[in-house]
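Novice: Dropping a structure here in structure tokens format, bear with me for questions.
Just so it is clear, none of the values below were taken in a lab; they were calculated from the coordinates. All of these numbers come straight from a predicted model, not from anything done at the bench. Don't worry about glycine lacking a Cβ; one is built from the backbone with ideal geometry, like all the others, and counts go over all protein chains shown.
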Amino acid sequence: MNMPLPTLATFAAYLAVMLALGIVAYRSTTNLSDYVLGGRSLGPGVAALSAGASDMSGWLLLGLPGAVYVSGLSELWIGVGLVVGAFLNWVFVAGRLRRFTALAHDSLTIPDFLEHRFGDRTRLLRIISAVVILVFFTLYISAGLVGGGLLFQSSFGMEYQTAVWVGAIVIISYTFLGGFLAVSWTDFAQGILMFLTLLVVPMFVVVLVGGWGSVQTEVISVDPSHTAILKGMTFMGMISLLAWGLGYFGQPHILARFMALRSERDVPRATLIGMSWMVLALVGAVATGYLGIAYFADAPLADGETVLIELIRALFNPWVAGVLMAAILAAIMSTIDSQLIVSASAITNDFYRGMVRSNAGATELVWISRAAVIAVSVIALMLAMDPDAGVLDLVAYAWGGFGAAFGPVIILSLYWSRMNRNGALAGMVVGALTVIIWKELSGGVFDVYELLPGFIFATVAIVVVSQLTGRPSVEVEQQFAQSRRLTAE
């Protein structure tokens with residue numbers, strides 16, 4: 001390992017703080033609601049920043065700066081789509097989902113909510129949605145571990161296996177101990193660290209290069225087209241990038257933050273905090289990549305995704321570099337832990353309590369959840385041990401798959417009283433299948449991002465099937481009407 005001792009020391013201190021938060025959260029976790037949803041006690045700041053940190057992951061600190069470094073400002077359009085999608089999700093989904101999940105038998109998970117929302121006595125909605133969540137998130141977790149391992153192997157000289165195990169042990173430990181509260185508190189801290197890193201690094205680069213005018217001169221000397229925000233952009237390409245924002249409506253780990261808010265009245269404040277964090281962080285990420293073009297104009301990087309790492313190494317002493325490097329690990333950890341707790345929730349609440357032991361006690365369910373964390377982690381670790389196993393490719397469908405399978409179902413379940421169980425099932429299946437099939441097609445109209453057709457076809461399937469298969473039961477319609485009355489109040 002060639003990591004300088006000061007950098008290693010600050011890095012270790014960061015990991016210790018994450019573990020300490022898990023221990024503190026352990027004392028506040030007494031039942032299943034505490035473990036999988038934090039007892040619906042999140043304040044607006046924690047909910048907003050933990051949602052943002054778990055959403056952005058390593059893409060914000062590695063992928064986006066790397067894309068801008070390689071291709072220029074034309075890569076910022078995906079950020080625009082994400083900002084619009086996240087904002088609409090907070091405005092149109094967060095409050096209603098918080099209220100409706102509490103009303104629908106205090107639903108703790110998305111599968112739980114869908115079953116109670118549509119009065120599904122067959123439990124098909126619960127089973128299918130829980131299986132989708134479990135499979136996709138296990139692959140997601142494994143991919144995160146692979147990405148983290150490869151990152152620290154190439155950047156710090158760590159052995160790949162060592163890097164994977166160190167990251168996994170820390171994440172598993174605080175998630176095992178404190179559940180959703182530990183995940184949310186650590187994601188809050190990680191979100192702040194990511195945010196500060198994306199503000200500090202660009203400011204230092206601008207000063208060292210000699211001001212914004214010098215930056216522009218250096219970028220133009222490398223490639224004048226890097227300054228053009230519409231370079232190589234087609235109408236379909238623009239639509240594809242903007243369509244990424246649709247994925248927010250169906251991401252279980254983000255929706256869980258809405259469900260965990262202590263009150264629907266906190267939504268406006270959480271929206272302001274979350275969107276401010278997101279916009280400034282995205283601006284910082286784009287600026288990092290763009291400024292990297294200027295800073296490394298005379299010695300271009302072989303791998304654009306390392307631009308933030310190389311800037312940190314070049315600009316800061318080892319002690320400060322250790323803190324800033326921890327932000328990169330934070331980006332990866334903040335997504336893995338959220339996906340891990342949602343996967344454990346699916347096993348405990350949707351399979352064990354929902355299908356095996358409906359009368360299980362509070363302590364039993366908490367420990368089953370902890371066992372589920374270990375079980376999912378072991379499977380993900382086994383998949384992650386081989387960095388060449390192609391796990392990263394397997395999750396290429398995940399954002400689009402979740403967005404198309406769950407997004408239309410969630411939105412219409414909150415806004416359309418006529419929607420029924422069959423429509424929800426049709427929407428999930430059609431959305432997921434469209435993403436998978438569309439991904440394999442190419443050329444012409446098929447070059448659009450698969451989430452967009454998946455979202456459209458799933459919405460059509462929900463409406464058509466619901467209309468063809470009869471009205472929901474009286475109880476289901478009354479529950480929906482009650483949720484609307486609560487909105488008016």
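Novice: Work out the length of the dipole vector of the chain about its Cα centre, built from +1 on the beta-carbon of each Lys and Arg and -1 on the beta-carbon of each Asp and Glu, and round it to the nearest 20 debye.
Specialist: Taking the Cα centre of the chain as origin, the dipole is about 1740 debye.
Novice: At 0.36 nm per residue, minus the direct Cα-Cα distance, what do Ile456 and Arg121 gain on full extension? Give it in nm, one decimal, please.
Specialist: Gain on extension, Ile456 to Arg121, equals 117.8 nm.
Novice: Provide the gained length on full extension for the span Ala9 to Trp165, in nm with one decimal, where the gain is 0.36 nm per separating residue minus the Cα-Cα distance.
Specialist: Answer, rounded to one decimal: 54.4 nm.
Novice: Right, something else. Dipole of region 5-391 (Lys/Arg Cβ +1, Asp/Glu Cβ -1, origin at the Cα centre): which of Leu76, Pro111, Leu134 lies farthest to the positive side?
Specialist: Pro111
Novice: Return the FRET efficiency for the residue pair Leu88, Asp298: r is the Cβ-Cβ distance, R0 is 41 Å, and the value is rounded to the nearest 0.05.
Specialist: 0.40
Novice: Can you give the FRET efficiency for Glu475 and Arg265, using 1/(1 + (r/R0)^6), R0 = 25 Å, r = Cβ-Cβ distance, to the nearest 0.05?
Specialist: According to the calculation, E is roughly 0.35.
Novice: What is the Cα coordinate range of region 225-359 on the first, second and third principal axes, sorted by size from largest, in whole angstrom?
Specialist: Per principal axis, max minus min of the Cα coordinates gives 67, 45, 31 Å.
Novice: Another question, if that's okay. Label 7 Å along Cα→Cβ of Val222; region 256-295 residues with amide nitrogen under 20 Å?
Specialist: 282-295
Novice: Evaluate the charge dipole of region 230-367 about its Cα centre and quote only its size in Debye, nearest 20, assuming +1 on the Cβ of each Lys and Arg and -1 on the Cβ of each Asp and Glu.
Specialist: 420 debye
Novice: Turning to a different aspect of this structure: Over what distance in Å are the Cα centres of region 96-125 and region 329-365 separated?
Specialist: Answer, in whole Å: 16.
Novice: Rounded to the nearest 20 Debye, what is the dipole magnitude of region 94-142 about its Cα centre when Lys and Arg each give +1 and Asp and Glu each give -1 at the C-beta?
Specialist: The dipole of region 94-142 has a size of about 160 debye.
Novice: Can you sort Thr288, Thr434 so the residue with the fewest Cβ neighbours within 10 Å comes first?
Specialist: Thr434, Thr288
Novice: By Kyte-Doolittle mean hydropathy of at least 0.0 and Cα axial length of at least 27 Å, which whole DSSP H helices of the chain are selected?
Specialist: 5-26, 124-156, 160-209, 267-295, 318-345, 362-384, 421-440
Novice: Same structure again: For region 166-281, what does the convex hull of the Cα positions come to per residue, in cubic angstrom?
Specialist: Roughly 182 Å³ of hull volume per residue.
Novice: Right, another one. Mind ranking 358-365, 276-283, 29-36 by how tightly packed they are, going by the mean number of other C-beta atoms within 10 angstrom, highest first?
Specialist: 29-36, 276-283, 358-365
Novice: So what's the net charge close to Ser50: Lys and Arg +1, Asp and Glu -1, counting the other residues with Cβ under 10 Å from its Cβ?
Specialist: -2
Novice: Still on this structure, I have one more. Between Leu208 and Ser71, what's the calculated FRET efficiency when r is the beta-carbon distance and R0 is 22 Å? Round to 0.05.
Specialist: In this case the efficiency is close to 0.40.
Novice: Pull out the extension gain between Val378 and Ser358, defined as 0.36 nm times the separation in residues minus the alpha carbon to alpha carbon distance; nm, one decimal.
Specialist: In short, 4.6 nm is gained.
Novice: Shifting gears a bit: Do the sum for the chain: with -39,500 (n - 2.57) for every DSSP H run of n ≥ 4, divided by all residues, what is the mean residue ellipticity at 222 nm, to the nearest 500 deg cm²/dmol?
Specialist: The per-residue figure over the chain is -24500 deg cm²/dmol.
Novice: Roughly speaking, what is the centre-to-centre gap between region 23-37 and region 177-210 when only Cα atoms are used, to the nearest Å?
Specialist: 25 Å
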